[in-house]
Amino acid sequence: MKNNKWRTKPLSVAFAFAGLMALIVPQQVLAGIDTGDDSLEISGFVENATYIRNDVGLSKFRNTLQLEGTKLLGNLGAFSEVSINGTFRATYDGVYDLNSDEYGDGAGGAINLESTNGAPNSPHGLGLGSTDPASVFFGAPLPPNNALDFDVSANPNRGLIELGEHLHDADGGVTFGVPVRPCDKDSRGCKGDYISDTLNDLRYSDFNDRWDFIRELYVNATIDMDSGTTFNLSVGKKQEVWGRTDLFRVLDVLNPVDYSRNNIYDELEDIRIPLWMATAEWQFGANDLLDDMNLQFVWIFDKFRPSKLGQAGTPNQILDAGSLFRGLSNCWDNGCTVSNFAGGDTATNFGPGQLGIRNIEEPEWSLDNGQFGVKFEGVYSDIGFSLNAFYTRSQLPSLRGSGGPGGFATENPFDDTDNDVFPYLIAFDMHFPRVVLVGGSLDYYADPLKTAFRAEVAWTKGEEFANTLKPRLFSESEVVRWVLGADHNFFIRSINKNKAFLASFQTFGQHILDHDREDGPLGPVGMPDWEDNYISTLLIKGWWFQDRLSPQIISAYDWSAKAYVVSPSVDWLINDNWRLQVAANIKLGTGARKFSDCRTCNPFSPFTATPLHDNWDGVNADAGDIGLGGFEPLGRFQSGPIGMAQKEDEIQVTLRYRF
């Protein structure tokens, strides 16, 4: 990892790019698109976003062209106000070319895995179990047929990083190699559609087989009924917004999210993944009880898509999950060396098919795999409210272990003639389970306080969480999530006597109803996720010069992880076309945390049994976790998205020309 601190050269390149766009794009476009047709409106923008990350250098050089249009068709049969609406986006991120040593086809290198037993650190492929004479463990007693070893020629020590290396040392815990080059340059660990991005997929993220360059394309139509009810039908690819809050979603979960663009910090409008869907809404208007009343049905008929968490070797991976998943997938496919594994202190080789992610079960398209939602909205006096229900799938993956009912057989590395289902084994299939969500929201403007209050709450059934107390290393739990927010305008006359400042505060909470954790002999075991977790955000924003200059500061604090992010920025609307944003994104507080990693789960008794396990008889013992832990892989769930990004401080410059 290079220590090049803050690189400034790309900033000048960004401004040069924006100036070049002003010359390349036809002047009639830059002057605004006049179609000569009053029923057709077209607008859009070109943008460059350049981010510089401490100790890494360039982390984003994203160039965007976006077109937005509406075509009014008028009346068609029983429908009135028929229109076609479209938004199209083309993106090129040059970071994979300009900083390819960090991200791209030159990323990664050779790695060494830690042994805390006093032996030297072992290069990938030369841990305990290796038959290579270069290994410090060569000649050590090996299991029959050397079932721990793997073919280093198929999984060489190059193009790798050590899992979590940018955030922490191994420090006595488990780590392993993660391939970080794009999947067309290095296919190790790539699997299905979920871990499959090629170099061009990363450069041009909007162009793929799901046609993500179409941000929206839908037909909207209305019927005015004799009863006074208005019926609205919308069909196509779109974003459907259910929530009243921002940053952290409670009800706004119809569309998955692309966190690989900028972790949790981009506007939801830019990172929601559009889906093909149909929405039908009846607008009933006022009645004797309510001042307004609407009923909406949503049918998402698109093939299921999970949220995009980022792939190993990309600048933004929420919870560093992309590296974890690709590293585990590589371990299953090709074998790997795991630090501090055997005896809890020795770098150990594992062969293919012994640990890691075996399959990614991505739901196929069918009507049965559709997603359905219903929302009732109303207004009573000064209170707006909604009641929501959604039958969907988890947009985040669940790792279901091999050991137990519904699991799968694996090879015992200590006796390769023994193929069986072993409980508490760190071998997984990835699933996206069915989830039912029920919730509601409120908003209320308190005129005496000049403050708008908002709240959302949702209950879900079917979500799955890592749990080292269970033989398959996961369990299901009902979850309650909520958010409370308030927006208040206030004056600071000494700073700006003509314009009020905005203060926006919200707290997001999550409670896992079936939380399962206890203290083992060597540390905590069970669910790494917090039973109760809270994240609070605060935005303060001001305006000057007829609202053309707007500085703001936004911060977020994860109370359980004790991790904090602060992002000051200045938004300058230079004129009606040009807009410049300069921001910093700085993390503070606690980073990675330790939790049980299941090294001591004893799936292969007597080979992995210890006197600390239940029913120890001097040779055998029951399988189960006794709590030896490290930062990887489960500590990330205690660190949260802010804590797992502690080394990702950035300066961010965005220049946009809107036409």
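The values are calculated or read from the model by the stated rules, or taken from the named source; none is laboratory data. For clarity, every value in this text was computed on a predicted model and none was experimentally measured. Backbone-built Cβ (ideal geometry, glycine too); neighbour counts: all protein chains shown.
Would you check if there is a residue in the stretch 146-162 being within 21 Å of N340 (Cβ to Cβ), of a type in the set (D, E), modelled with pLDDT under 95 and assigned to a loop (DSSP other than H, G, I, E, B)? Taking every residue of the stretch 146-162 in turn, at least one turns out to be within 21 Å of N340 (Cβ to Cβ), of a type in the set (D, E), modelled with pLDDT under 95 and assigned to a loop (DSSP other than H, G, I, E, B). Quick check: anything in the stretch 113-122 among the hydrophobic types (A, V, I, L, M, F, W, C), surrounded by fewer than 17 Cβ atoms within 10 Å (Cβ to Cβ) and in a strand (DSSP E or B)? No, there is no match, as no residue in the stretch 113-122 is among the hydrophobic types (A, V, I, L, M, F, W, C), surrounded by fewer than 17 Cβ atoms within 10 Å (Cβ to Cβ) and in a strand (DSSP E or B).
Provide a single number: the residues in the stretch 471-483 that are of a type in the set (D, E, K, R) and crowded, with 21+ Cβ neighbours inside 10 Å. Please lay out each step first, then the result.
To start, the set of residues in the stretch 471-483 that are of a type in the set (D, E, K, R) comprises 472, 476, 478, 481.
Retained after the next criterion (residues that are crowded, with 21+ Cβ neighbours inside 10 Å): 472, 481.
Of the residues in the stretch 471-483, 2 are of a type in the set (D, E, K, R) and crowded, with 21+ Cβ neighbours inside 10 Å.
Number of residues in the stretch 414-440 that are under 13 Å from F390 (Cβ atoms) and touching a Leu at 6+ places or on another chain (Cβ under 9 Å) equals 4.
Mind checking whether some residue in the stretch 298-310 is over 30 Å from D93 (Cβ atoms) and in contact with a Lys or Arg (Cβ under 8 Å, 6 or more places away or on another chain)? Walk me through it before giving the result.
Initially, the stretch 298-310 is screened for residues over 30 Å from D93 (Cβ atoms), giving 298-299, 301.
Then drop every residue that is not in contact with a Lys or Arg (Cβ under 8 Å, 6 or more places away or on another chain), which leaves 298.
Within the stretch 298-310, one or more residues are over 30 Å from D93 (Cβ atoms) and in contact with a Lys or Arg (Cβ under 8 Å, 6 or more places away or on another chain).
For the stretch 147-201, residues that are in contact with a Leu (Cβ under 7 Å, 6 or more places away or on another chain) and surrounded by fewer than 19 Cβ atoms within 10 Å (Cβ to Cβ) total 2. Residues in the stretch 570-584 that are without any contact (Cβ under 8 Å) to a residue 40 or more places away in the chain and closer than 21 Å to N263 by Cα were compared, and the one that is surrounded by the most Cβ atoms within 10 Å (Cβ to Cβ) is D571. S83 passes every criterion in (1) exposed (fewer than 15 other Cβ atoms within 10 Å of the Cβ); (2) within 30 Å of E216 (Cα to Cα) apart from (1).
Got a number for residues in the stretch 187-206 being over 24 Å from F432 (Cβ atoms) and touching a residue at least 40 places away in the same chain (Cβ under 8 Å)?
At the first step, the residues of the stretch 187-206 found to be over 24 Å from F432 (Cβ atoms) are 199-200, 203-204.
Those still in the list that are touching a residue at least 40 places away in the same chain (Cβ under 8 Å) too: 199, 203-204.
Qualifying residue count, the stretch 187-206: 3.
Is it the case that M277 is surrounded by 20 or more Cβ atoms within 10 Å (Cβ to Cβ), among the hydrophobic types (A, V, I, L, M, F, W, C) and not in a helix (DSSP H, G or I)? Judged against the criteria, M277 is a match. Is it the case, given these coordinates, that G94 is closer than 29 Å to P315 by Cβ, out of contact with any Lys or Arg (no Cβ under 6 Å at 6 or more places or on another chain) and crowded, with 16+ Cβ neighbours inside 10 Å? In short, yes.
Does any residue of the stretch 229-243 turn out to be acidic (D, E), within 24 Å of G384 (Cα to Cα) and crowded, with 20+ Cβ neighbours inside 10 Å? Show your work before the answer.
Filtering the stretch 229-243 down to residues acidic (D, E) leaves 240.
Imposing the further condition that a residue be within 24 Å of G384 (Cα to Cα) reduces the set to 240.
When the remaining residues are screened for being crowded, with 20+ Cβ neighbours inside 10 Å, the result is none.
No, because not a single residue in the stretch 229-243 is acidic (D, E), within 24 Å of G384 (Cα to Cα) and crowded, with 20+ Cβ neighbours inside 10 Å.
Quick check: anything in the stretch 488-511 at pLDDT 95 or above, charged (D, E, K, R) and over 18 Å from T537 (Cβ atoms)? Taking every residue of the stretch 488-511 in turn, none turns out to be at pLDDT 95 or above, charged (D, E, K, R) and over 18 Å from T537 (Cβ atoms). What is the number of the single condition among (1) over 30 Å from E68 (Cα atoms); (2) modelled with pLDDT of 95 or more that L290 does not meet? Checking L290 against (1) over 30 Å from E68 (Cα atoms); (2) modelled with pLDDT of 95 or more, the one that fails is (2).
Report whether or not K587 is touching a His at 6+ places or on another chain (Cβ under 7 Å), under 25 Å from F508 (Cβ atoms) and surrounded by fewer than 22 Cβ atoms within 10 Å (Cβ to Cβ). It is false that K587 is touching a His at 6+ places or on another chain (Cβ under 7 Å), under 25 Å from F508 (Cβ atoms) and surrounded by fewer than 22 Cβ atoms within 10 Å (Cβ to Cβ). Checking each residue in the stretch 284-342 for being aromatic (F, W, Y) and in contact with a His (Cβ under 6 Å, 6 or more places away or on another chain) picks out no residue at all. Listed by first and then second residue, the pairs with beta-carbon distance under 7 Å, at least 6 apart or on different chains, first residue in the stretch 214-239 and touching a residue at least 24 places away in the same chain (Cβ under 8 Å), second among the basic types (K, R), are I214/K237; R215/R89; E216/K237; E216/K238; L217/K237; Y218/K237; Y218/K238; Q239/R272. Within the stretch 254-263, at least one residue is within 19 Å of the chain's Cα centre (by Cα), modelled with pLDDT of 95 or more and either surrounded by fewer than 18 Cβ atoms within 10 Å (Cβ to Cβ) or farther than 30 Å from G94 by Cα (or both).
In the stretch 403-414, the count of residues that are surrounded by 19 or more Cβ atoms within 10 Å (Cβ to Cβ) and either without any contact (Cβ under 8 Å) to a residue 40 or more places away in the chain or within 27 Å of the chain's Cα centre (by Cα) (or both) is one or more.
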